[in-house]
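Heads up, the thing below is written out as structure tokens.
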Amino acid sequence: MFFAHLAKKSTLWWAKKIAHPTWLLMATVLTSNSLWAATDNDYWQLPIPPQGDAPQTHHPVTHDISPESCALCHKKQADEWQDSYHAKAASDGLIGQLHYFDQDSAENCLSCHTPRSEQIEDWQDQSLKFKATGIDCASCHLRQHQRYGANNKPTPVHGTVQAKPLFKKADFCSRCHQFSEGRGLKLTGSFLENTHQEWQQSKWSKQNKTCQSCHMPNGSHRFKGIHDAEMTRSALTIKAIRKVAGFSLSLSNQFAGHAFPTYATPRIIVTLTSHDGKNKKNHIIQRQLFLDKHQSLQQKVDTRLQAGETITLFLPLKPHQQATANIRVEPDHFYKQVIYPYFLEESDEVLDQDDKQAQHLLLKAKQVNRDYTLYDIQCPSWQQKNHHCTLSPQPPKGDLMSLPKDNSTIKNHLPSRRN
Ligand code: HEC
Ligand code: HEC
Ligand code: HEC
Ligand code: HEC
Ligand code: HEC
């Protein structure tokens with residue numbers, strides 16, 4: 001998540017921990033918990049109150065609530081979760097930034113990234129234990145050692161698992177994936193994190209396809225998203241067609257339940273180029289933000305594809321020209337290009353040990369490269385009729401491509417044969 005006003009870290013030791021107005025406001029609301037008084041939302045009081053002692057009726061092995069412990073009996077979920085970004089939410093990029101915030105603001109960050117009170121206490125005690133887990137099994141399933149899930153399950157091991165309808169609802173995810181009034185930044189009228197609202201406005205909410213339907217298929221705990229190439233491919237239908245006048249590329253957000261992409265961090269770059277390099281077109285898909293001269297976050301333009309939205313790019317070509325297209329995904333773009341460099345600029349100062357540690361983490365986060373090519377597309381020269389260009393790799397779902405139904409208008413424009 002981003003902050004509203006980046007105050008430059010001062011070289012004065014006493015001003016090192018800076019307070020950010022937005023975060024202080026958020027912290028207040030978070031602790032007063034006023035927006036989440038409704039019964040279901042009590043479940044997501046953040047940070048999650050301490051679990052306390054486990055009941056003696058629970059088998060001793062289940063008193064330990066670490067993911068390693070759950071894994072003893074729930075191996076499938078544990079293996080899947082281990083690969084997820086929830087397991088990695090105490091990332092270098094997060095921890096590196098914490099150093100530059102005052103305590104309240106830092107704890108506010110942690111309340112979503114390592115949401116259990118025990119984890120935050122570990123952080124306060126400067127124990128690195130809190131890093132290991134991120135958003136773990138207990139964060140989602142345990143309150144005062146009571147297990148909750150989608151269904152009732154009587155088990156002597158750790159007591160009956162209690163069913164909560166919330167587990168089947170999008171609201172379960174929204175506490176962290178949607179900002180609300182007084183909690184989080186709004187730019188140009190919409191929250192910086194707006195996934196739930198985007199979903200609500202899409203057809204998916206009407207069809208009762210929840211976040212879990214797409215992100216937890218068959219109970220999967222991988223929580224795949226923009227960092228997974230296959231998942232991202234599954235969001236789009238693509239039409240790449242060689243027409244007489246050039247190369248037409250349509251991208252349609254048919255299968256993401258929110259904007260493609262939902263967050264402001266990822267950047268998707270679409271490049272169309274003729275073989276001879278003479279014709280070129282670039283298009284960026286992103287909610288594009290920048291820091292103005294007061295170091296305040298502003299929105300330049302939002303070119304994301306809302307759910308159901310299609311864009312068509314067209315590269316004019318002579319009939320004999322061939323062309324290629326490349327669609328590239330940079331999942332961590334804004335953090336790597338703007339936020340981490342912002343903090344790293346401080347490096348010419350005299351650094352103490354804590355500063356060095358923070359800079360080391362941010363540098364690591366900046367250097368991680370998770371970019372990938374979504375598609376490479378080869379487009380032939382004009383061959384007397386509309387022609388599919390070749391996608392590599394193949395789109396995941398059946399035949400998503402179809403030619404425009406009526407070719408007649410195009411035929412009218414056929415170039416006369418060259419001698
Ligand atoms: C010693 C073994 C053991 C450990 C450790 C354990 N569980 Fe379980 N858990 C069970 C058994 C047995 C069931 C009942 C399974 C069934 O009936 O399908 C169960 C059921 C569940 C369910 C309901 C599953 C369903 O199918 O609806 C959830 C959720 C759950 N456990 C969460 C956890 C979490 C979270 C942890 C770690 C904090 C944990 N358990 C640790 C044995 C264990
Ligand atoms: C981000 C929240 C979240 C995290 C983290 C999480 N779970 Fe779950 N879990 C859920 C939800 C939501 C469901 C219900 C999914 C459904 O029914 O669609 C669920 C379902 C389950 C079930 C029931 C079986 C099933 O497939 O429905 C078990 C068992 C379980 N989780 C264990 C774990 C274990 C063990 C961990 C840690 C390794 C874990 N969960 C981490 C949210 C979470
Ligand atoms: C306690 C807060 C919290 C809850 C509850 C939560 N998430 Fe997340 N989620 C996060 C955070 C923080 C990240 C970013 C993790 C990172 O990359 O550091 C994240 C990342 C993700 C990602 C991104 C993966 C990627 O490739 O970037 C997906 C998908 C996701 N969550 C889905 C869900 C779904 C579905 C639910 C509900 C079942 C849910 N989350 C519940 C906090 C939460
Ligand atoms: C309301 C919950 C919430 C709070 C509070 C929050 N984040 Fe996040 N953060 C998220 C979610 C959710 C994502 C993933 C968003 C997505 O991919 O759509 C995320 C992603 C990130 C990421 C990118 C993934 C990674 O871990 O490398 C960083 C870095 C980050 N947040 C840092 C922070 C910092 C620093 C703060 C405090 C100033 C903070 N967050 C406060 C929910 C939160
Ligand atoms: C109809 C399927 C579908 C539904 C419903 C859905 N998603 Fe997604 N989601 C996707 C696909 C596909 C992607 C990968 C493409 C992308 O990033 O937009 C994705 C990506 C994400 C990401 C990665 C970050 C990013 O910037 O895109 C997060 C976080 C996320 N979803 C959270 C949620 C939450 C929270 C909900 C419920 C409010 C939800 N999703 C509902 C399909 C879905």
Quick check on GLN146: is it more than 27 Å from the chain's Cα centre (by Cα), at negative phi and in contact (Cβ under 8 Å) with a residue 12 or more places away in the chain?
yes
With the condition kept exactly as written, say whether any residue in region 99-116 is over 24 Å from PHE191 (Cβ atoms), buried (at least 18 other Cβ atoms within 10 Å of the Cβ) and either at pLDDT 95 or above or not assigned by TED's automatic domain parsing to the domain that holds GLN45 (or both).
yes
Residues in region 263-312 that are assigned to a loop (DSSP other than H, G, I, E, B), among the β-branched types (Val, Ile, Thr) and within 16 Å of LYS336 (Cα to Cα) total 1
Where residues in region 118-145 are over 19 Å from CYS173 (Cα atoms) and surrounded by 16 or more Cβ atoms within 10 Å (Cβ to Cβ), which of them is farthest from ligand 5 (Cβ to nearest atom)?
HIS145
Cross-chain or 6+ apart pairs with Cβ under 8 Å, region 109-136 first and within 18 Å of GLY96 (Cβ to Cβ) and basic (Lys, Arg), then within 14 Å of ligand 3 (Cβ to nearest atom) and outside any helix (DSSP H, G or I)
LYS131/ALA90; LYS131/THR114
Can we say LEU361 is surrounded by 13 or more Cβ atoms within 10 Å (Cβ to Cβ) and free of Cβ contacts under 8 Å to residues at least 40 places away in the same chain?
no
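The values are calculated or read from the model by the stated rules, or taken from the named source; none is laboratory data. Being a predicted model, the structure only gives us computed values, none of them experimental. Cβ coordinates were reconstructed from backbone atoms using ideal geometry, including for glycine residues, and neighbour counts include every protein chain displayed.
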